[in-house]
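Asker: Pasting in a structure now, in structure tokens, and then I'll have a few things to ask.
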Amino acid sequence: MFATGRRRKVTEYLTEKINTVSALIHQSGKAQPAYIIEEACMDVLAQELWPSGYNYILSILEEEFESAYQQLRQSGTIRFEAINMISKCQPVFEDLNFLKRPWINRFLRYAITGVISDYLKQM
């Protein structure tokens, strides 16, 4: 959402997302039960938002780099630095297919931990 907010207005983003599911919404009650249509709409709406690279990086920071995590939190820069780390980690996210079950991919975790370590050393 942060990157989206920088590129275009959030309202425009949300309007576009709603338009993509409007056809599904109009089918509600016709061919399938409403709860199935709602679930399909939520899948489409949340597709770009999950899994969250931001949350993934924060969890690794907190677990593997506890003192750095605490310092960033206390200084109020954790959000800023985590967003910067996302851009540094983007090639790894793409190469190791972050979107497919990142929480169980230990190679992805090792690679991201390495990128975060390098980032923290450069601070």
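The numbers here are math on the coordinates, done by the rules we state, and not lab data. What you are looking at is a predicted structure, and each value in this text was computed from that prediction instead of being measured. When we count neighbours, we look across all protein chains shown, and the Cβ atoms used for this are built from the backbone with ideal geometry, even at glycine.
Asker: Extending each Cα 7 Å along its Cβ direction at Lys121 and Glu64, get the distance between those two points in nm, one decimal.
Answerer: 1.3 nm
Asker: Further, regarding this structure: Round to the nearest 0.05 the FRET efficiency obtained for Asn105 and Asn19 when R0 = 35 Å and r is the Cβ-Cβ distance.
Answerer: 0.55
Asker: Additional query: Direction-averaged shadow area of the convex hull around the Cα atoms of the stretch 53-122, nm²?
Answerer: Quarter of the Cα hull surface area: 4.1 nm².
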